[in-house]
Amino acid sequence: MHIAELALSLLLFGIIVVSLLSNVVVLICFLYNADIRKQVPGLFILNLTFCNLLLSASSMPLTLFGVLSNAHPGGHVFCQVVGFLDTFLTTNSMLSMAALSIDRWVAVVFPLSYHSRIRHRDAVIALAYTWVHSLSFSVVAACLSWVGYHQLYASCTLCNNRAINAKTQFAIYTLVLHSLTFLLVSVVLCVTYLKVLKVARFHCKRIDVITMQTLVLLVDIHPSVRQRCLDEQKRRRQRATRKISTFIGTFIICFTPYVITRIVELFVTEPFNPYWGVLSKSLAYSKAACDPFVYSLLRHQYRKTCSDIVNRLMQRSSLNASRHQQENGKIGKTEEIRKIRMSKEIMKNEEVETRPTN
């Protein structure tokens with residue numbers, strides 16, 4: 001095996017493991033914490049987690065198999081089913097990210113009217129649209145036989161194996177698909193999160209003004225305390241920018257190489273480097289491993305839920321251990337009592353035997 005194939009295989013294997021474990025943890029937190037289930041964003045996160053788990057269990061392992069064996073993974077019908085799922089799950093996860101960004105925008109820009117603007121019914125309607133949107137493109141591709149094994153990406157995904165006259169239709173379909181998924185979601189993410197960043201910076205400035213006025217009034221304040229306040233202001237501004245950059249940056253970095261390769265492939269006859277095709281597909285897969293941390297596990301509520309679950313498991317194990325120790329202690333005490341009784345009986349027998357007879 002070539003070293004590039006080995007590196008890509010290790011990368012894919014790591015993505016699969018991280019994606020499965022992290023998304024399962026998010027699902028456990030969702031089922032464990034009732035407060036998370038009551039929140040509207042929890043529905044979008046649940047849908048995103050569901051898509052990532054299915055993608056990690058279906059398409060990713062077959063791509064890894066294709067890289068390792070350089071062969072078609074499974075039969076034609078099986079590959080069509082996996083290609084259908086690949087298109088559906090990828091599109092659905094992108095639209096779920098857009099729904100989460102709109103929810104955050106409404107929560108930050110309209111905090112007082114958020115609960116009246118975004119309700120569970122509205123979230124269900126949004127999720128229904130994401131499913132209809134994703135199913136529409138997936139069903140069209142499956143009916144026109146535009147899903148199958150693609151050698152460039154070593155995976156079962158969108159591909160055109162039909163006659164030359166169908167290339168124009170496939171090109172139009174591909175352009176419309178990526179325009180209404182990747183491009184649309186990119187615009188929504190940039191617009192909503194940049195507005196959120198603008199509001200966050202405005203609130204940071206207000207807090208900074210109040211802090212500076214307080215520092216001016218406190219004449220006798222120690223210079224170290226003043227410096228800590230100034231450092232906290234700087235960290236607050238950087239924290240808001242870092243969060244927004246993470247939301248937008250992970251989406252752009254993970255999906256842009258794959259989408260650009262897809263579009264350029266339509267108009268270029270020269271073959272691409274196969275390692276680049278697998279690498280771009282692996283980057284798209286890596287979004288499924290990043291999403292649990294970006295949207296869930298790094299938040300305070302999910303971290304607290306994880307710690308509660310771990311503490312509960314540790315308490316159970318400690319209780320089981322203490323019960324086991326108590327049972328062992330009871331057994332030990334019973335054995336000691338039995339030995340003492342036996343020794344007493346032996347002493348009595350010896351006394352009877354040694355007693356002088358009249």
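Structure values in brief
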item	result
Number of positions in segment 119-160 that are of a type in the set (D, E, K, R) and either in contact with a Gly (Cβ under 6 Å, 6 or more places away or on another chain) or open to solvent by less than 60 Å² (accessible area, probe 1.4 Å) (or both)	1
Which listed residue, of 206, 201, 236, is part of a helix (DSSP H, G or I), under 26 Å from residue 108 (Cα atoms) and at pLDDT below 65	206
Any chance residue 152 is in a loop (DSSP other than H, G, I, E, B) and not polar (S, T, N, Q)	yes
Scan of segment 99-118 for residues that are under 19 Å from residue 291 (Cβ atoms), open to solvent by 30 Å² or more (accessible area, probe 1.4 Å) and either in contact with a Ser or Thr (Cβ under 6 Å, 6 or more places away or on another chain) or β-branched (Val, Ile, Thr) (or both), ordered by number	102, 105
Verdict on residue 23 being open to solvent by less than 60 Å² (accessible area, probe 1.4 Å) and either in contact with a strand residue (DSSP E or B) (Cβ under 6 Å, 6 or more places away or on another chain) or closer than 15 Å to residue 57 by Cα (or both)	yes
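Residues are listed down the side, and each one gets a yes or a no for (1) open to solvent by less than 90 Å² (accessible area, probe 1.4 Å); (2) at pLDDT 90 or above:
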site: 215; (1), (2): yes, no
site: 232; (1), (2): yes, no
site: 247; (1), (2): yes, yes
site: 270; (1), (2): no, no
site: 274; (1), (2): yes, no
site: 280; (1), (2): yes, yes
site: 283; (1), (2): yes, yes
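The values are calculated or read from the model by the stated rules, or taken from the named source; none is laboratory data. Predicted, not measured: the structure shown is a model, and the values here were computed from it. Cβ atoms come from the backbone with ideal geometry, glycine included; neighbour counts cover every protein chain shown. Heads up: the accessible areas ignore ligands, DNA and RNA and are worked out on the full protein's heavy atoms, side chains in. Shrake-Rupley method; radii C 1.70, N 1.55, O 1.52, S 1.80 Å.
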